[in-house]
Every structure is written in C-alpha cells, then in structure tokens.
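Participant: Next up is a structure, given as structure tokens.
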Amino acid sequence: MLPKTVKISKIIDENPSVKTFYFSHNLKSKPGQFVMLWLPDIDQKPFSISSDDGENFGLTVFKRGPLTEKLFTLKVGDRAGSTGPFGTCYSILPNRHYIMVAGGYGAAPLSFLSTKICELPGVTIDFIVGARSKDLLLFEDRLKLIPHLKIHATTDDGSAGRKGRVTDVLEELLKNATSKPLVVTCGPELMEKAVLDLCNKYDSDCELSIERQMKCGFGICGQCAVDDLGLCMCIDGPVVNRALANRIFELGKYHRDKAGNKINY
Amino acid sequence: MLHTTFLNKTFSNPIVLASGILGVTGASLAHMVENGCGGVTTKSISLEPRPGHKNPTMMGTDDYFLNAVGLSNPGVANALPEIAKFHSLSTAPIIASIFAGTADEFGEVAEHICASPIDFIEVNISCPNVGKEFGTPFAYSTTAIEAITKIVKSKSTVPIIIKLSPNAWNIAEMAKAAEAAGADAITAVNTISGLMIDIESRRPILANKQGGVSGPALLPIALKCVYDIYASVKIPIIGTGGVTTGRDAIAMIMAGATLVGVGSAAYYREKTCFAKIVAEMAEFMQTENIKSLAEIRGAAHTN
C-alpha cells in the first residue's frame, strides 16, 4: 500500500470553491469508493471518486483546508500521490429504478454511479440534488447528458429548482413508486439519516455513504470504527445498505475526531 | 488446548490484539475478540487528548509495515467510557496501554485508568515516533525504566506490564531493570525505527518522516529480543512483533512468550487474522502432538 504517483491531466472549475481534478491513471474503481490523496509536506486525506473511465479518474474537491488549498494551486502536469481505491461501492444493477439523493458534494459519487448504471438495460434514475443555493448545485450539466435520468433540483433559498429539502421530493417519489426502487444517497449525515428514516418508513432498499475520520484507509488504525459494531467504515463502508445502517447506533448522532473524541451532530 | 493463564488471568487463546491497531474505541476492541483474539490492548492513552501526527501515518509492503500515528488518543477521561463499552460487549481480558512524558504523569494516568474495569496496564515507554516532543524513549535507559515502573506500580490496582523497545541493543538489561523495580510482566517488542522514501517526490512517505517498522520484517528481531529476555527474567512475556501466522506465534512461544501480541497481521490477513493464527496454532499442535503451550514455552532454549 504505497502511494502511487499520478499526474493531473485536466482541471474543471465546478463553482468558485469546487474543482474536479482528473488524474491519468487506470484506478479500477467503482462508484462509492475513495482514494487517499497525498501532497508531500502537506497532508493526505480521503476523497470520494467522482469519475473513472479506465484512463483517468476524477476527484471533485471543495477547498476547505491546507491540503485542498495546495491542490487548488496545482496545474495540469503536476503530480500527487494516490493510494486506493478503498472501501465498498454502490450496487450496480440492471432493471432497477434508482432514486439518488445527493446533498452538496454528495453529487460527485452519485453522478459517477449514474454514468455506470445508465448503460445497463432497464435502468431509470430519479436524481434528487440539493444545495443551499443555485451556485452550489453540482453537476447539473453533466447529469443532463445521462439517458433515462430525471433531475429534481432543490435549493434552500429557492434560487434554483424547488425550494425545500431533498427529502420532500424523496417522500413523494417513494409514495408514488410503482416498482421497488433502490434509494442511494450521499451527503451530509443528517440528510442521509432522514433518507434512511424514509426508506424504513416506505420499506425501500437503500444504500448510504458514511463519512468518518480516516487515517489509513485500509482497516488498521481503527479511527473510523462505528458504535456498537466496531466495523471500520474504510473496509465495511463507506457504502452500507439499509440493514447495516440501521445497526450503526451512532449514525446521525455523533462521529469522532482525530483524537477519537465523540463530536455530536 | 490454547487456554493460557497470564498473571492469574485466563485467556481463551494466547493471541492478544497489540496496542495501536484497531484499538481506538471499545466497540472496535470487542469486534477483534469476535474475530478470534483471546484478549485486547487499547491504543495508548495519555492524560490529555492528542490528535496525533498528520497523514500519511502508515504504509505497508509485503515485507514490512511502517507507521507514525503520533499516539493519537482521546485522553484518559474519554477513554474510560470506551473501556466500559468494551466490557458491556465482551468478557475477554483487556490491557490498557498508557503513556506519558514524565514518570509522575505516568503515575497519574495509571491512577486514572484504574478507575475503569481493566485487567492489566501496559506501560508504553518505547514509542519511537514522538522523539521531537518527548525526547529519547525511556525504554533506552535502565534508570528511567526503574523510575517509571516504581511509580506506575505504586499507583496501580492491577498488574503492570512494561513495553520495551527493540532499538535498545541491550533489551534484556532493560527487562531486568523493570523486573527489579516491580514490573509484573514485559511486552517485547514495540516497533523498530525506520523510514521510507517516495522517490518520485523525493520525500519520506510518513509525515513524521521516521516511523516504527512492524510486519514480517520485525519477526526475527522480536524473536531475538524475547529469547534474550526469557533467559534473563522470571516474569512472563507478551511476545509481539511481526507475527502473522500460527507458525510465527508458535516460534514466539518457543522463544519464551506466554501471550503473543498481533497487530500488523490485520494488514496482511485482514481482521480475521486472529482466528486464522489460532487455527494454525491448533493444527500445528495436533500434528506435533503438543498437548499444551506450557509444554513448548521456551523450548528453543537449550539449557
């Protein structure tokens, strides 16, 4: 598990604080998995994979700390260290109605999943994407190109799509669903918990992506172990199904910091 | 066949989760018992919370594992509920690993941690990765070992185990000093100092630059240390370092270990490594017609 040197092949500005960096490397990843990205002398952190076409993989990155600030200064041709892919992935199934619920940057792995499943027979996708305001909505243009996919945008302030929460749309779709949908979600934990609660209420299959503090990414440090199961979210997650999510006591309640202290949501 | 008594406590098998691996939370520790170890050791606990070093904190190859986590932990006050959580989930023995920057502080952490239902204290005086903060590890000095052992012993209500460093060339002397000062057992060994360089970026891979080597490369070093210590002291030894298979564990016991610490094996053989190692030990014992581990403990010593 040594960092592999990867070169930046393309950089896309998604919005003022979000960029997608493409690295030329055949990562062999699946939607929902993550890599540990390392910039020597700065830091190394986990990033969800937002695309992988076998030649380049993409990471959609929000500028928020020393590592991402440094990354934002890099140019095409610059290099970084990558380990992974790590973790579990979303189910890729034919003949299924997917309902995707994305909050903020959660749109990244779900758009990756959409590009994989839209090639399969009988797949239809309702893609609910929510953000605080219009300028923070991610990937609308990219999603519009995907066949059999319908976008439902929501914003907190009503500046785009419908004013309200992603779960308002989800509940309507679940209520009116004719075939058994598979709900997949990625976003803030409290949003994911609300999605899980709705899936329990309507007895719908569901897959969540759980974010926890990770040091190694491969099941050794134990930093991302969840109560009371003790499972590491880098190995048995980040993507978990409804049955497992319901057994993760701390979901929506607390997570842990780098020291291991509980931080309440 | 594998039941082992260590300082009057019975372990269902001699494999204990070593400190630092998968030991941040009580639930994680209990999950490792489900995966087959006979007992567990917490990640080292200090007086105050510590976030640890920046990433990368660990890396591995087929031959060795290298880490410098920087003793991250939530501090003794927050560790107590985790130990209580472990007890609510598991009946296996638990060793609380502690560390501190001074002898007095070691005593303070020991006193605090004894308020929780632990079976043993392991005194980590041998972490090789916090030199910038704490100076040379205490495990290189008989004087420091005596002072820390005495104070921890006086503040503890459970048996204490001193964890030694393979960086000390005369580790058997260190073990003798611990025994003379009142230690109930020895853990040998911690990781040995190492460094790896990423040749593309021309930088050490770990953010801390140097780290501690574990994994298969540590096994012969650890075996030599345990072998030498067994010949020098009467107190029992937890043999730790590079054990990834049942054969490795048997070798550790033949060198003189009572319990066998397993950590990095989780990298090589996943968290189910504990059950795998235990099964391989049982299989070897059956083939060789060995009835109990006591029969082969220290068997590699000729005199």
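The values are calculated or read from the model by the stated rules, or taken from the named source; none is laboratory data. Only a predicted model underlies this, so the values are computations on that prediction, with no experimental measurement involved. As a convention, Cβ positions derive from the backbone with ideal geometry for all residues, glycine included, and neighbour counts pool all protein chains shown.
Results for (1) crowded, with 19+ Cβ neighbours inside 10 Å; (2) within 14 Å of chain A (Cβ to nearest Cβ); (3) part of a helix (DSSP H, G or I), shown as yes or no for each residue.
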| position | (1), (2), (3) |
| --- | --- |
| B:Ile151 | yes, no, yes |
| B:Ile161 | yes, no, no |
| B:Pro166 | yes, no, no |
| B:Asn190 | yes, no, no |
| B:Ser193 | no, no, no |
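Participant: Now for a different question. State whether one or more residues within the range B:109-118 are surrounded by fewer than 20 Cβ atoms within 10 Å (Cβ to Cβ) and charged (D, E, K, R).
Facilitator: yes
Participant: Still on this model: Being more than 7 Å from every other protein chain (Cβ to nearest Cβ), in contact with a Gly (Cβ under 9 Å, 6 or more places away or on another chain) and among the β-branched types (Val, Ile, Thr) is the filter here, so list the residues in the range B:68-85 that pass it.
Facilitator: Matches in the range B:68-85: B:Ile83 only.
Participant: Which of (1) within 14 Å of chain B (Cβ to nearest Cβ); (2) exposed (fewer than 14 other Cβ atoms within 10 Å of the Cβ) is the odd one out, the single condition A:Gly81 does not satisfy?
Facilitator: (2)
Participant: Then there's this: Among the residues of the range A:95-116, is any touching a Leu at 6+ places or on another chain (Cβ under 9 Å), modelled with pLDDT of 95 or more, closer than 24 Å to B:Arg203 by Cα and not aliphatic (A, V, I, L, M)?
Facilitator: No.
Participant: Checking the condition in contact with a strand residue (DSSP E or B) (Cβ under 9 Å, 6 or more places away or on another chain), among the polar types (S, T, N, Q), more than 14 Å from chain B (Cβ to nearest Cβ) and crowded, with 24+ Cβ neighbours inside 10 Å, which residue from A:Thr178, A:Thr185 passes?
Facilitator: A:Thr185
Quick grid of which residues meet (1) in a loop (DSSP other than H, G, I, E, B); (2) of a type in the set (Gly, Ala, Ser):
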{"site": "A:Val35", "(1), (2)": "no, no"}
{"site": "A:Leu59", "(1), (2)": "no, no"}
{"site": "A:Gly81", "(1), (2)": "no, yes"}
{"site": "A:Ser91", "(1), (2)": "yes, yes"}
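Participant: Among the listed residues A:Gly65, A:Gly87, A:Gly54, which satisfies the condition of being at positive phi and surrounded by fewer than 18 Cβ atoms within 10 Å (Cβ to Cβ)?
Facilitator: Going through A:Gly65, A:Gly87, A:Gly54 in turn, just one is at positive phi and surrounded by fewer than 18 Cβ atoms within 10 Å (Cβ to Cβ): A:Gly54.
Participant: Of all residues in the range A:230-265, which are among the hydrophobic types (A, V, I, L, M, F, W, C), touching a helix residue (DSSP H, G or I) at 6+ places or on another chain (Cβ under 6 Å) and within 22 Å of B:Thr42 (Cα to Cα)?
Facilitator: none
Participant: When B:Ser201 is evaluated against the numbered criteria (1) in a strand (DSSP E or B); (2) closer than 30 Å to A:Asp43 by Cβ, which criterion, by number, is the only one it fails?
Facilitator: (1)
Participant: If you don't mind, another one. It is to be established whether one or more residues within the range A:141-158 are farther than 30 Å from B:Ser44 by Cα and touching a residue at least 60 places away in the same chain (Cβ under 8 Å).
Facilitator: Looking through the range A:141-158, none of the residues is farther than 30 Å from B:Ser44 by Cα and touching a residue at least 60 places away in the same chain (Cβ under 8 Å).
Participant: Give me the pairs: first residue in the range B:1-23 and at positive phi, second residue in a loop (DSSP other than H, G, I, E, B) and acidic (Asp, Glu), beta-carbon distance under 9 Å, and six or more apart or on different chains, which are they?
Facilitator: From residues that are at positive phi, the pairs are B:Leu7/B:Asp119; B:Leu7/B:Asp184.
Participant: Could you tell me whether the range B:227-249 includes any residue that is assigned to a helix (DSSP H, G or I) and of a type in the set (A, V, I, L, M, F, W, C)?
Facilitator: Yes, the range B:227-249 contains at least one residue that is assigned to a helix (DSSP H, G or I) and of a type in the set (A, V, I, L, M, F, W, C).
Participant: Might you check whether a residue that is out of contact with any Leu (no Cβ under 8 Å at 6 or more places or on another chain) and more than 14 Å from chain A (Cβ to nearest Cβ) occurs anywhere in the range B:197-213?
Facilitator: no
Participant: Now for a different question. Could you pull out the residue among B:Tyr268, B:Tyr227 that is within 24 Å of B:Ile160 (Cα to Cα) and either within 14 Å of another protein chain (Cβ to nearest Cβ) or under 19 Å from the mean Cα position of the chain (by Cα) (or both)?
Facilitator: None of the other options fit; the residue is B:Tyr227.
Participant: Let me ask you something else. Restricting to the range B:1-24, name every residue that is part of a strand (DSSP E or B) and either of a type outside the set (A, V, I, L, M, F, W, C) or surrounded by 24 or more Cβ atoms within 10 Å (Cβ to Cβ) (or both).
Facilitator: Once the filter is applied, which keeps residues that are part of a strand (DSSP E or B) and either of a type outside the set (A, V, I, L, M, F, W, C) or surrounded by 24 or more Cβ atoms within 10 Å (Cβ to Cβ) (or both), the range B:1-24 yields B:Thr4, B:Thr5, B:Phe6, B:Lys9, B:Thr10, B:Ile15, B:Val16, B:Leu17.
Participant: Determine whether the range A:137-159 contains at least one residue that is at pLDDT 95 or above, surrounded by fewer than 23 Cβ atoms within 10 Å (Cβ to Cβ) and hydroxyl-bearing (Ser, Thr, Tyr).
Facilitator: No, the range A:137-159 contains no residue that is at pLDDT 95 or above, surrounded by fewer than 23 Cβ atoms within 10 Å (Cβ to Cβ) and hydroxyl-bearing (Ser, Thr, Tyr).
Participant: Looking only at the range A:221-238, decide whether some residue is outside any helix (DSSP H, G or I) and away from chain B (no Cβ under 14 Å).
Facilitator: Yes, the range A:221-238 contains at least one residue that is outside any helix (DSSP H, G or I) and away from chain B (no Cβ under 14 Å).
Participant: Only one of (1) surrounded by 15 or more Cβ atoms within 10 Å (Cβ to Cβ); (2) in contact with a Pro (Cβ under 9 Å, 6 or more places away or on another chain) is not met by A:Leu120, so which one is it?
Facilitator: For A:Leu120, the exception is condition (1).
Participant: Of all residues in the range A:13-58 being away from chain B (no Cβ under 13 Å) and free of Cβ contacts under 8 Å to residues at least 24 places away in the same chain, which is farthest from B:Ala207 (Cα to Cα)?
Facilitator: A:Asp53
So that you can scan it fast, the table gives a plain yes or no per residue for (1) part of a loop (DSSP other than H, G, I, E, B); (2) at pLDDT 95 or above:
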| position | (1), (2) |
| --- | --- |
| B:Glu146 | no, yes |
| B:Ser154 | no, yes |
| B:Val158 | yes, yes |
| B:Trp169 | yes, no |
| B:Ala178 | no, yes |
